[in-house]
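Colleague: Sharing a structure here in structure tokens format.
The values are calculated or read from the model by the stated rules, or taken from the named source; none is laboratory data. Keep in mind that what you see is a predicted model, and the values were worked out from it rather than measured. Quick reminder, even Gly has a Cβ in these numbers, built from the backbone with ideal geometry, and neighbours come from all protein chains shown. The area values use the complete protein model at the heavy-atom level, side chains included, leaving out ligands, DNA and RNA. Shrake-Rupley method; radii C 1.70, N 1.55, O 1.52, S 1.80 Å.
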Amino acid sequence: MSIAPLAAVPSARRTAPVFRGRIGRDARSGHYAVPHRYRLHLSTACPDGLRLAVGHSLLGLDTGCPVTLLPAVPDCPDGGHSALRPLYEASAHHYTGPALGPVLSDDWSGRIVSTHTPDILRDLDRFRPGGGTRLYPSGLESVIEAVERMCAEGVEEAAQRAGRAGADPAERAAALDVLLDTLGRLERRLDGEPYLADDRLTAADIELWVTLVQLDTVHRCHLDASAVHRIAGHRALWAYARRLAAHPAFGRHLDLDGITRRHHGRCQGLEAAGAAVQILDWAGHAAETPDASRR
């Protein structure tokens with residue numbers, strides 16, 4: 001299967017993380033893969049937190065790496081979480097920035113390993129239980145990275161620009177064209193295929209599914225109804241999103257109320273007519289029989 005259409009999208013621009021430690025393969029790395037040592041702190045109302053929660057479930061790490069859930073809406077004026085403040089202060093001398101989630105912490109030292117979601121997910125993949133799902137199979141790295149770039153640049157950023165209040169109409173139209181073109185390429189890739197890479201669930205599917213959740217629950221609120229109908233017209237893409245929502249590792253982590261409250265607490269944009277045009281009944285699909293998602 002060709003990956004050229006995916007790799008054509010430029011690399012994503014992400015905010016530099018405050019902490020970026022890695023879990024190595026042996027004791028010489030300092031942070032090495034061992035059960036019950038590490039802990040995730042996340043909110044599933046946050047896109048990165050939702051990515052990690054889904055990956056954590058697919059890897060079967062419920063006992064090996066516990067999760068501490070954070071509130072959907074941060075409780076500090078700077079957008080941070082007061083519950084994370086002790087970890088940040090223990091990890092950086094005189095730390096004054098916001099205590100942001102998600103965080104991977106080391107319970108042995110009481111310090112932060114990483115706040116960089118892509119690294120965390122890759123490192124968790126290293127100490128999954130034997131025989132469990134592998135999120136980054138050998139040989140599929142370029143496909144997964146290309147999907148990550150498409151979602152960041154071609155969907156999330158394009159949707160934000162297309163719905164930006166006060167932007168020039170031509171700029172919004174151009175951004176919508178980028179968004180629809182990206183969705184079209186993903187639609188063609190999924191036509192007749194259950195997953196994005198090699199007929200198996202990988203990190204690429206986590207990335208796309210969370211991006212589609214955000215597109216329907218957050219970004220469409222700032223688009224006009226015509227644009228949302230055009231987005232909804234990608235039937236294979238939304239059938240894929242609906243099917244994954246019924247998978248227990250995906251749908252059980254959906255916090256729709258939390259996503260809404262988090263969005264309203266952070267967003268300063270204007271609501272548009274597309275807010276009334278919901279694409280999927282996420283709660284309904286997440287409540288479907290889990291066995292149906294495994295067929």
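Colleague: Any idea what the dipole of the chain comes to, in debye rounded to 20, about its Cα centre with Lys/Arg Cβ at +1 and Asp/Glu Cβ at -1?
Modeller: Taking the Cα centre of the chain as origin, the dipole is about 480 debye.
Colleague: Sort T115, T96, T182 by heavy-atom solvent-accessible area, probe 1.4 angstrom, most to least.
Modeller: T96, T115, T182
Colleague: Once both labels are modelled 7 Å past Cα along the beta-carbon direction, what's the S226-D62 spacing in nm?
Modeller: Rounded to a tenth, the inter-label distance reads 4.9 nm.
Colleague: Right, another one. Please work out how much accessible surface Y95 shows to a 1.4 Å probe, ignoring ligands, DNA and RNA, in Å² rounded to 10.
Modeller: Rounded to the nearest 10, the figure is 40 Å².
Colleague: Sort L186, L201 by accessible area with a 1.4 Å probe, largest first.
Modeller: L201, L186
Colleague: Hey, what angle do you get for helix 47-58 against the long axis of the chain, alpha-carbon based, 0 to 90 degrees rounded to 10?
Modeller: Helix 47-58 sits roughly 70 degrees off the main axis of the chain.
Colleague: If you take the charge dipole of region 43-133 about its Cα centre, with +1 on Lys and Arg Cβ and -1 on Asp and Glu Cβ, which of L87, P66, L100 is farthest toward its positive end?
Modeller: P66
Colleague: For region 199-252, what does the alpha-carbon gyration tensor say about shape, rounded, prolate or oblate, given a ≥ b ≥ c as the root eigenvalues, a/c under 1.5 as rounded, and a/b over b/c as prolate?
Modeller: Judged from the Cα gyration tensor, region 199-252 comes out prolate (a/c at least 1.5, a/b above b/c).
Colleague: Not counting ligands, DNA or RNA, and with a 1.4 Å probe, what is D191's accessible surface area in Å² rounded to the nearest 10?
Modeller: 110
Colleague: Follow-up. Among rounded, prolate and oblate, which fits region 79-214 when a ≥ b ≥ c are the square roots of the eigenvalues of its C-alpha gyration tensor, a/c under 1.5 means rounded, and a/b larger than b/c means prolate?
Modeller: Taking the square roots of the gyration eigenvalues as a ≥ b ≥ c, region 79-214 is oblate.
Colleague: Same structure again: By accessible area of protein heavy atoms, probe 1.4 Å, what ranking do Y32, Y38, Y195 get, highest first?
Modeller: Y32, Y195, Y38
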